[in-house]
Amino acid sequence: MARTRFAVGIALVCAAAIAAAIVFAWPPEIEKVTPPAPDSFDRYRVAEGEDLARLGNCAGCHTSDPSRPLAGGRALPTPFGTVFATNITPHPDDGIGAWSREAFGRAMRRGVARDGTHLYPAFPYDHFTRTTDQQLDALYAWLMTRRPIAGSAPQTKLDGVAGWRPAMAGWNLVFLREGAIADDPSQTPQWNRGRALVAGLAHCSSCHTPRDRFGAEDRSRRFDGAEIEGWYAPPLNASSPAVRPWTVDELYTYLRTGLGPRHAAAAGPMGGVTRALAQVPEDDVRAIAVYVASLMAAAPAALQDSPEPIDRLADAARAHPEGATLFAGACATCHEQGAPMMQQGRPHLAWGTPLHTDNARNTVAIIMKGLASPAGATGPTMPAYADMLDDRQVQELAAYLRTRFTDKPPWSDVQAAVTEVRQGEPK
Ligand code: HEC
Ligand code: HEC
Ligand code: HEC
C-alpha cells in the first residue's frame, strides 16, 4: 500500500515537473493586435521613451543600415554563432507592430517573443528586466510611433544545444533574475539612480563583464573586463588598468562626448555607446558617472594619479627601431608633443588605457580601423591604417607604443590581435 502511494507520489511529482518544464520552455503565444495608431500615444510619453531608447542604445544593435532605423539585420557575433538583431519597427508583419504592450513587456523582462519563442541573451533582456512599468510604457510608445519598415532580418541559427531555442528556458531559470534591484539605503539617491541605469537599460556590464561557458555574465567577476566584438572592454572596478583617475567629472565628459581629456577617445563599440549617451538627459549620465566612479574608487589610478606621462623615447627607439621610424613618419604629426592636435588639449598617448591593458587588442584595432569622430569634438580624428601598413608594421608600431608610453612588459598577443582584426575586416 505504502509502496503504491509512494509510486503515485513520484508520478505526480514527475508530471508536475514535466508540466512546469512545458510552461517554461513553451510559453504561450500572445494574441496579435492591430498596430496602435501613433496619435493614440501621449507626446510626452513618446519623448521620454526616446531618451530611454538612447540609454538602452536600441538603435545601436537594431540598425544595420542607417536609412532603415530599427529595421534590424545587424550581426552580433557570439561564441555560439551569429545572432541577428530583429526588426523592431512597428511593421505589422516584419516588425513588432502586432505586439501588444503586454507582449513587448514580456520580451523585455523575460526574453520571450510574442509568439512564445525564446530570445537569446545577445538581446540584453537580463538587464532590461530591471526596467519599471513606466519605462516600458514610454519605450513602447516611442517604438510604436516610429516609421514601420518592411523586411525581416536574416534567421539566427546557433550551434549545438543553443540552436534549440526552448533550451533558453533552462538558461533563464538558472541565470535570469527578474525585476528591479532594491536601492542601497547607505548610498545617495544619485548613486542608486546610477546603479539602476547601469544595471538596467544602459546594460554596461553586458560588455564589461566576462561571460562563462553558458554565455552568462560571471557575477563573481562583475566589471572585470571582457572581449566584445573583436575589442576589449576594460575592467571598470578596482582592477581598472587606467593610469589616470576616473573621477565623476572625467567619466561624465567621457560618456557624454566620447573623449576623456585625461584618458583617450572612446573607440570601437564604446564610441557608439557614448554617441547615444550624448543625447540623453544630463542627470542620467551624471548619475551613471557617480556610480561607475565608485566602482573604480579602489583602482590604482584613483589611489595615485600619474600626471607626468611616461615617455621612454630612447628605450623604445632602441628596442623597436622600425616602429620608431614608422611612428615618426605616420603618427608624430598628430601625436608628438607640440603637434597642433596636442596643443588643442588632446590627451597624451601615455594616458590612454588601450596601451596599459594586458592585451594589445584595442591598440591594434585603433591603429588598423581608426576612430570615428567623438560626439562632442571637432578637429582631427584618427585615420584607419589597415590598408597602408602591413601586419608586421602594425605589430612593430604597437610594440613601440607599449615600450615608449608604458612601464609594462611587452605584449605577447600582438600578432594574434593583428590577424584577428584582419580576418574580422568587413569584406
Ligand atoms: C546588444 C544588442 C541589443 C541591444 C542594445 C538591444 N537589442 Fe533588442 N534584440 C537584440 C537581438 C540580437 C535580438 C534578437 C534575439 C533573438 O533572435 O533571439 C533582439 C530582439 C528584440 C526584441 C524581440 C523582437 C522579435 O522580433 O522577437 C525586442 C522587442 C527588442 N529587441 C527590443 C529592444 C529595445 C526596446 C532595445 C532598447 C531598449 C533593444 N532591443 C536593445 C539585440 C539588442
Ligand atoms: C557594446 C559594448 C559596450 C557597452 C554596452 C559599454 N561599453 Fe564601455 N567600453 C567598451 C569597449 C570596447 C571599451 C574600450 C574602448 C576604448 O579603449 O576606447 C570601453 C571603454 C569604457 C571606458 C573607458 C575605460 C578606460 O579605462 O579607458 C569606460 C569608463 C566605459 N567603457 C564605461 C561604460 C559605461 C558606464 C557603460 C554603460 C553606460 C558602458 N561602458 C557600456 C564596450 C562597451
Ligand atoms: C590626423 C591625426 C592622427 C594621426 C595621423 C594619428 N592619430 Fe592616433 N589618434 C588621433 C586622435 C584624434 C585620437 C583620439 C584622441 C585620443 O584618444 O587621444 C587618436 C587616438 C589614438 C590611440 C588611442 C589613444 C591611446 O592613448 O591609446 C592610439 C593608440 C593611436 N591614436 C595611435 C596612433 C598611431 C600608432 C598612429 C600612426 C600610425 C596614429 N595614431 C596616427 C589622431 C591621429
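Here's the yes/no breakdown for (1) assigned to a helix (DSSP H, G or I); (2) within 16 Å of ligand 1 (Cβ to nearest atom); (3) among the acidic types (Asp, Glu); (4) under 25 Å from the mean Cα position of the chain (by Cα):
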position: Arg318; (1), (2), (3), (4): yes, no, no, no
position: Ala372; (1), (2), (3), (4): no, no, no, yes
position: Thr381; (1), (2), (3), (4): no, no, no, yes
position: Ala386; (1), (2), (3), (4): no, no, no, yes
position: Glu396; (1), (2), (3), (4): yes, no, yes, no
position: Arg402; (1), (2), (3), (4): yes, no, no, no
position: Lys408; (1), (2), (3), (4): no, no, no, no
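Specify which of the listed residues (Ala316, Ala339) is of a type outside the set (D, E, K, R) and buried (at least 18 other Cβ atoms within 10 Å of the Cβ).
Exactly one residue qualifies, and that residue is Ala316.
Among the residues of segment 233-244 satisfying the criterion of being open to solvent by 20 Å² or more (accessible area, probe 1.4 Å) and more than 6 Å from ligand 2 (Cβ to nearest atom), which is farthest from Pro77 (Cα to Cα)?
Restricting to residues being open to solvent by 20 Å² or more (accessible area, probe 1.4 Å) and more than 6 Å from ligand 2 (Cβ to nearest atom), the top hit is Val243.
Condition (residue is away from ligand 2 (no atom under 16 Å from the Cβ) and within 29 Å of Glu217 (Cα to Cα)) applied to segment 36-46: is it met by at least one residue?
Checked segment 36-46: no residue is away from ligand 2 (no atom under 16 Å from the Cβ) and within 29 Å of Glu217 (Cα to Cα).
Out of segment 245-269, which residues are open to solvent by 30 Å² or more (accessible area, probe 1.4 Å), part of a loop (DSSP other than H, G, I, E, B) and under 21 Å from Asn57 (Cβ atoms)?
The one that is open to solvent by 30 Å² or more (accessible area, probe 1.4 Å), part of a loop (DSSP other than H, G, I, E, B) and under 21 Å from Asn57 (Cβ atoms): Trp246.
Conditions (1) at pLDDT below 95; (2) surrounded by 15 or more Cβ atoms within 10 Å (Cβ to Cβ); (3) assigned by TED's automatic domain parsing to the domain that holds Ala75, marked per residue:
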{"site": "Asp137", "(1), (2), (3)": "no, yes, yes"}
{"site": "Trp142", "(1), (2), (3)": "no, yes, yes"}
{"site": "Thr145", "(1), (2), (3)": "no, yes, yes"}
{"site": "Pro148", "(1), (2), (3)": "no, yes, yes"}
{"site": "Asp159", "(1), (2), (3)": "yes, no, yes"}
{"site": "Ala162", "(1), (2), (3)": "yes, yes, yes"}
{"site": "Pro166", "(1), (2), (3)": "yes, yes, yes"}
{"site": "Ala169", "(1), (2), (3)": "yes, yes, yes"}
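If I ask for residues that are within 16 Å of ligand 2 (Cβ to nearest atom) and not hydroxyl-bearing (Ser, Thr, Tyr), which ones from segment 119-160 would you list?
Those that are within 16 Å of ligand 2 (Cβ to nearest atom) and not hydroxyl-bearing (Ser, Thr, Tyr): Pro121, Ala122, Phe123, Pro124, Asp126, His127, Phe128, Arg130, Gln135.
Here is a yes/no grid of residues against (1) more than 14 Å from ligand 1 (Cβ to nearest atom); (2) within 22 Å of Arg109 (Cβ to Cβ); (3) in a loop (DSSP other than H, G, I, E, B):
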position	(1), (2), (3)
His203	no, yes, yes
Cys207	no, yes, no
Phe214	yes, yes, yes
Asp224	yes, no, yes
Ala238	yes, no, yes
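Looking at this structure, is Tyr385 among the aromatic types (Phe, Trp, Tyr), surrounded by fewer than 21 Cβ atoms within 10 Å (Cβ to Cβ) and more than 21 Å from Thr253 (Cα to Cα)?
Judged against the criteria, Tyr385 is a match.
Please go through segment 349-366 and give me each residue that is more than 11 Å from ligand 2 (Cβ to nearest atom) and either closer than 13 Å to Trp231 by Cβ or modelled with pLDDT under 95 (or both), ordered by number.
Asn359, Ala360, Val364
Pairs, please: C-beta under 6 Å, at least 6 apart or cross-chain, first residue of a type in the set (Asp, Glu) and in segment 168-193, second open to solvent by less than 50 Å² (accessible area, probe 1.4 Å) and in a loop (DSSP other than H, G, I, E, B)?
Matching pairs, first to second residue: Glu178/Thr129.
Please state which one of Ala75, Ala11, Ala25 is surrounded by fewer than 17 Cβ atoms within 10 Å (Cβ to Cβ), away from ligand 1 (no atom under 14 Å from the Cβ) and not polar (S, T, N, Q).
Exactly one of Ala75, Ala11, Ala25 is surrounded by fewer than 17 Cβ atoms within 10 Å (Cβ to Cβ), away from ligand 1 (no atom under 14 Å from the Cβ) and not polar (S, T, N, Q), namely Ala11.
So, in segment 195-241, of the ones that are hydrophobic (A, V, I, L, M, F, W, C) and in contact with a Lys or Arg (Cβ under 8 Å, 6 or more places away or on another chain), which residue ends up nearest to ligand 3 (Cβ to nearest atom)?
Only one residue tops the list, namely Trp231.
Restricting to segment 108-118, and then to whatever is surrounded by fewer than 20 Cβ atoms within 10 Å (Cβ to Cβ) and within 17 Å of Gly170 (Cβ to Cβ), can you tell me which residue is farthest from ligand 2 (Cβ to nearest atom)?
Gly116
State the number of residues belonging to segment 92-143 that are assigned to a helix (DSSP H, G or I), over 24 Å from Phe214 (Cα atoms) and not polar (S, T, N, Q).
The qualifying residues number 14.
Yes or no, residue by residue, for (1) in contact with a Pro (Cβ under 6 Å, 6 or more places away or on another chain); (2) more than 18 Å from Asn87 (Cα to Cα); (3) in the same structural domain as Leu119 (by TED's automatic domain parsing):
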{"site": "Ala11", "(1), (2), (3)": "no, yes, no"}
{"site": "Pro35", "(1), (2), (3)": "yes, no, yes"}
{"site": "Leu52", "(1), (2), (3)": "no, yes, yes"}
{"site": "Ser67", "(1), (2), (3)": "no, no, yes"}
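Just to be sure, is Glu420 modelled with pLDDT under 95, under 24 Å from Glu227 (Cβ atoms) and not assigned by TED's automatic domain parsing to the domain that holds Ser64?
yes
Working only within segment 273-301, note down all residues that are polar (S, T, N, Q) and open to solvent by 30 Å² or more (accessible area, probe 1.4 Å).
Correct list: Gln279, Ser294.
Across segment 320-356, what is the total count of residues that are among the charged types (D, E, K, R) and under 29 Å from the mean Cα position of the chain (by Cα)?
Of the residues in segment 320-356, 1 are among the charged types (D, E, K, R) and under 29 Å from the mean Cα position of the chain (by Cα).
The values are calculated or read from the model by the stated rules, or taken from the named source; none is laboratory data. All figures in this text were calculated on a predicted structure; none of them were measured in a lab. Because the Cβ atoms are built from the backbone with ideal geometry, glycine has one as well, and the counts that use them run over all protein chains shown. For accessibility, only protein heavy atoms count, side chains too; no ligands or nucleic acids. Shrake-Rupley method; radii C 1.70, N 1.55, O 1.52, S 1.80 Å.
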